[in-house]
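J.: One structure, pasted below without further comment.
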There are 2 protein chains.
Amino acid sequence: MANCLVAQSGGPTAVINASLAGVIRANQLNPVYEHVYGGINGIEGVLADKLYDLTNLPGRDIEILKQTPSSALGTCRYKMKRGQEADFKRVVEVMAAHDIEVLFYIGGNDSMDTVDALSEWAAANGAPQRFVGIPKTVDNDLVPVDHCPGFASAAKLANQIVHATYLDYAAYTRPEVFITEIMGRDAGWLAASCCVCGNVDLLILPEKPFDKEAFLAQVQKKIAEAGECYIVISEGARYADGTYISAGESKQDDGFAHAVLGGAGQTLKQIIVDSGIVPRGLVQDLSRATRSSNFAQSAVDVSEAYELGMSAHARSANPAFTAQVVGVQREMVDGRYNAKFFAGPASEFANFVKHFPEEWILPDYQGITEEALDYFRPLIEGEPKLVYENGIPATLVPFNQR
Amino acid sequence: MANCLVAQSGGPTAVINASLAGVIRANQLNPVYEHVYGGINGIEGVLADKLYDLTNLPGRDIEILKQTPSSALGTCRYKMKRGQEADFKRVVEVMAAHDIEVLFYIGGNDSMDTVDALSEWAAANGAPQRFVGIPKTVDNDLVPVDHCPGFASAAKLANQIVHATYLDYAAYTRPEVFITEIMGRDAGWLAASCCVCGNVDLLILPEKPFDKEAFLAQVQKKIAEAGECYIVISEGARYADGTYISAGESKQDDGFAHAVLGGAGQTLKQIIVDSGIVPRGLVQDLSRATRSSNFAQSAVDVSEAYELGMSAHARSANPAFTAQVVGVQREMVDGRYNAKFFAGPASEFANFVKHFPEEWILPDYQGITEEALDYFRPLIEGEPKLVYENGIPATLVPFNQR
């Protein structure tokens, strides 16, 4: 009997480990593979032959794994580039050495591209190894899924913090603006989702060029009307010429040729204070807490992430199943949200960015349409019953630290 | 039958409304007062005669009020200064006009000073009005209590975010530091509490002068030993000469003659990167989310805040009870934490800052002692069962917005 390998890549989420748990548990329920190995630190660990045997992870640990944030196997940002023959050969070599038939790769669009590239290479070189993608991303920017595991929990935390900080802000009489900055390099899904709680006065998305004067006019209006203005800004918000609002802040390269962003909120505050509309502003940058919010997991998100892991495992029993990614589509049953599971070619997931739809954006930074709210609402409902230890949700010791 | 008045002041917390709920509920259980009025926006609202009748708030609303963060009555930073006769006269006038016998003031040490000053003024001017303090502060810097309502929930959230972001950070192989900045102007209680989760490598408190070279040596050591270094810094951390680490960041005045801080984490990151130890660092500033974390309330904190409200109400039935503040002391019963309620003179609570004890600080930024951990642990244990609406904890519409 052959073995399988699971690895995680890219930025962690609150539920990426639930997908890992799903693969492990599915194999305990139906042992398609003799061993389920975990690749330590993504493809880097595979290249370095660093594997961890997860086959017999106890049921209690699997439950705790579902509520452990971040990537329990460790992650990487190393990109397998087409044409780097040595890397492709090495992955297949390591897999062959351990009799590994299938690699499940949990990640975002870059990782789905890796699944596609590995499958392509294997087909072209007569290698029997197969490659299956399990999507995750807090950015929710993957096509062709309805949404992506990791996003809903991030959106739920964001709404909880926006609502709580709005109430904190609204308790004061002094004139000031409140700005919450949230992740979203190219797609404004997370920022837009913050409107669900009903406390966002103005919303700045990367999808709409930022017009400073038009925006300041809206701030002025909100302050004049209600004495307050709660603003949510996506880290990737930019001017018409493509310059990020955060430009001027120091940048670090994350090795993937994307600019590392940060500071849009602080820069925006300065713009508003300089305009003289209000003398002060407060900035809350949700930063990393957004994506690792295991204390604010969405029940829908955890279930879907777990079940996508199970689905990938079960589908992989078909020896023709390769270069595929599993995903969720939405169907409405009696007016209620229902997840429909499917699988599609990795090439359709890779290297595309699904933007927040133009037609869901209200003019003048006024937020999003009812249709958009209806899209978000069912995703953030429901709270899993968490196991606590010492006042915080219990977590597993990461496998890359064992 | 006379009436009473409750108002809230200073920075909100996750449980300041639980104390308000306690006063309202206690009067429903034993109607010592005909009406329980809420002062809108603290003493500002009292001066402006803006009151809201809370007497018959339904039981369900009282329960939701306990999980509503921020100050549901609104808050203020207006300070009643001794000698400003007009203000003192006006407060007593407004109280007399509404037949209000007792003012319950929920706030930090500045507010406890207001309780003291008002009581003093009333005694000196033969006014029969009485003044009672109910403490709150996320900073935990009040004497002579064991701890202060609001602190434990902030500490619980901080531990959840530190643990989650640590796991996120630890999933990567690249060399970088992670820095979490947290509130604490003059006292490092909140920053120190982050050590409970066990993920803090280095801790910078305002209580110990920051020595750049000594600190960098420790960063170097942690990176060399484990390849990682998770740092928690208090916003009020400073050099031996009193200069804040955050100095250089623009400051705004909050009207209370304290400097408004922010940016210690970013500044520290720059210091570390400039030193060449690691090429990059990540900064998470917990900012306002720290104190309004209704989704991460500590059960102990909610109970004690609520019961302190009840205790203040019950004790105030004694016509000699004035210029007093209620509080919690700690007793250990069979080795387990137990809250002991007491009341003491407002003058003992006012205008003192209780620092994190020197003897609980480990040398070389290594965190805190076991004794300190034992102090924190029981405070952050337990989670109240929250009522959710639309994916976030249900909250009441603030009374200052009705």
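The values are calculated or read from the model by the stated rules, or taken from the named source; none is laboratory data. Note that the coordinates shown come from a computational prediction; the quantities given were computed from them, not determined experimentally. Please note: Cβ atoms are built from the backbone with ideal geometry, for glycine as well, and neighbour counts cover all protein chains shown. To get the accessible areas, we keep the full protein, side chains included, count just its heavy atoms, and leave off ligands, DNA and RNA. Shrake-Rupley method; radii C 1.70, N 1.55, O 1.52, S 1.80 Å.
J.: Mind listing the label-point distances from B:Lys221 to the same position on all other copies, shortest first, one decimal in nm, points 7 Å along Cα→Cβ?
T.: The projected label point of B:Lys221 is separated from its counterparts by 5.9 nm.
J.: Over the Cα atoms of chain A, compute the convex hull volume and normalise it per residue, giving Å³.
T.: It comes to 147 Å³ per residue, whole-number rounded.
J.: Also: Averaged over A:381-391, how many beta carbons belonging to a partner chain fall within 10 Å of each residue's beta carbon?
T.: What the average comes to for A:381-391 is 5.
J.: Let me ask another. Only sites in a loop by DSSP and with at most 16 other Cβ atoms within 10 Å count here; which GluC sites (Glu not before Pro) in the stretch A:22-130 make the cut?
T.: Of the GluC sites (Glu not before Pro), the ones in loops of the stretch A:22-130 whose Cβ has at most 16 other Cβ atoms within 10 Å are A:Glu34.
J.: Say the dipole of the protein assembly as shown comes from +1 at the beta carbon of Lys and Arg and -1 at that of Asp and Glu; which of B:Phe399, A:Asn3, B:Ala164 then lies farthest toward its positive end?
T.: Comparing the listed Cα positions along the dipole, A:Asn3 ranks first.
J.: Then there is this: Just to confirm the numbers: A:Thr243, label point 7 angstrom along the Cα-Cβ line, distances to the other copies in nm, shortest first?
T.: In nanometres, ordered from closest: 3.2.
J.: To the nearest 0.05, what FRET efficiency results for A:Ala97 and B:Gln270 with a Förster distance of 56 Å applied to their C-beta separation?
T.: 0.80
J.: Based on alpha-carbon centroids, what's the gap between the stretch A:16-74 and the stretch A:122-182 in Å, whole number please?
T.: For the stretch A:16-74 versus the stretch A:122-182, the Cα centre distance is 23 Å.
J.: For the stretch B:1-148, what size does the Cα cloud have along each of its three principal axes, sorted from largest down, in whole Å?
T.: 41, 37, 25
J.: For chain A, what % of the accessible area comes from carbon and sulfur atoms, probe 1.4 Å?
T.: Carbon-and-sulfur percentage of accessible area, whole number: 50.
J.: From other protein chains only, count the Cβ atoms within 10 Å of every residue's Cβ in A:172-185, then give the mean.
T.: Partner-chain Cβ atoms within 10 Å, mean over residues of A:172-185: 2.
J.: If R0 is 60 Å, what FRET efficiency do you get for A:Asp334 and B:Val333 from their C-beta distance, rounded to 0.05?
T.: 0.65
J.: Let me ask something additional. Can you list the distances in nanometres, one decimal and ascending, from the B:Arg60 label point to the identical position in each other copy, with the point 7 Å along Cα to Cβ?
T.: 4.0
J.: Kirkwood Rh over Cα pairs of the stretch B:265-329 into Stokes-Einstein at 37 °C, 0.692 mPa s: D in µm²/s?
T.: Approximately 203 µm²/s, per Stokes-Einstein.
J.: Moving on. Please work out how much length the chain gains when fully extended from A:Ala217 to A:Arg60, using 0.36 nm per residue of separation minus the C-alpha to C-alpha distance, in nm with one decimal.
T.: Contour length minus the Cα-Cα distance gives 51.0 nm.
J.: Among A:Pro69, A:Phe88, A:Met112, flag the residue with its Cα farthest along the positive direction of the charge dipole of the stretch A:1-113, charges on Cβ as +1 for Lys/Arg and -1 for Asp/Glu.
T.: Result: A:Pro69, furthest along the dipole toward the positive end.
J.: Take each of the peptides A:71-77, A:349-355, average the number of other beta-carbon atoms within 10 Å over its residues, and list them starting from the highest.
T.: The most tightly packed comes first, giving A:71-77, A:349-355.
J.: If you don't mind, another one. Tell me which DSSP H helices of chain A clear both cut-offs, 27 Å or more of axial length from alpha-carbon atoms and a mean Kyte-Doolittle hydropathy of at least -0.5.
T.: A:151-170
J.: A follow-up question, please. In square angstrom and rounded to 100, what buried accessible area do you get between chains B and A, total over both, with the probe at 1.4 Å?
T.: When B and A are taken together, about 4900 Å² of accessible area is lost.
J.: To the nearest 500 deg cm²/dmol, what mean residue ellipticity at 222 nm is calculated for chain A from DSSP H runs of n ≥ 4 alone, each contributing -39,500 (n - 2.57), summed and divided by the residues?
T.: -10500 deg cm²/dmol
J.: Give A:Lys385/B:Lys136; B:Lys222/B:Lys269; B:Lys156/B:Lys385 a once-over and call out the pairs whose C-alpha atoms are over 21 Å from each other.
T.: A:Lys385/B:Lys136
J.: Ranked highest first by average number of other Cβ atoms within 10 Å, how do B:200-213, A:325-338 line up?
T.: B:200-213, A:325-338
J.: On average, how many beta carbons from a partner chain sit within 10 Å of the beta carbon of a residue in B:6-18?
T.: Whole-number average of other-chain Cβ neighbours for B:6-18 is 1.
J.: Which single residue of chain A puts its beta carbon nearest to the axis of rotation relating A to B, and what distance, in whole Å, does that give?
T.: So the closest residue, with its distance, comes out as A:Asp285, 3.
J.: With +1 on the Cβ of every Lys and Arg and -1 on the Cβ of every Asp and Glu, and nothing else charged, how large is the dipole of the protein assembly as shown about its Cα centre, in debye rounded to the nearest 20?
T.: It comes to approximately 320 debye.
J.: For the pair A:Asn318 and B:Ala124, how long in nm is the line joining their label points, each one 7 Å along Cα→Cβ?
T.: Spacing of the two 7 Å Cα→Cβ label points: 8.6 nm.
J.: Quick check on the protein assembly as shown: what are the equivalent-ellipsoid semi-axes from the Cα gyration tensor, as sqrt(5λ), descending, whole Å?
T.: They are 49, 27, 25 Å, listed largest first.
J.: Now a separate question. For the ranges A:123-134, A:359-370, what's the packing order if you count other beta-carbon atoms within 10 Å of each residue, average per peptide, and put the highest first?
T.: Descending packing order for the listed peptides: A:123-134, A:359-370.
J.: Taking every DSSP beta bridge that has both residues in chain B, what percent is antiparallel when rounded to the nearest 5?
T.: 35
J.: Related question: Any idea what diffusion coefficient the stretch B:269-402 gets from Stokes-Einstein, in µm²/s, Kirkwood Rh on alpha carbon pairs, 25 °C, 0.890 mPa s?
T.: The diffusion coefficient I find is 126 µm²/s.
J.: Then there is this: Please compute the per residue accessible area over the protein assembly as shown with all protein chains in place, 1.4 Å probe, rounded to a whole number of Å².
T.: Accessible area per residue: 34 Å².
J.: Follow-up. Place +1 on the Cβ of every Lys and Arg and -1 on the Cβ of every Asp and Glu in the protein assembly as shown, take the dipole about the Cα centre, and give the residue among B:Leu216, A:Ala217, A:Phe295 whose Cα lies farthest towards its positive end.
T.: Positive-end residue among those listed: A:Phe295.
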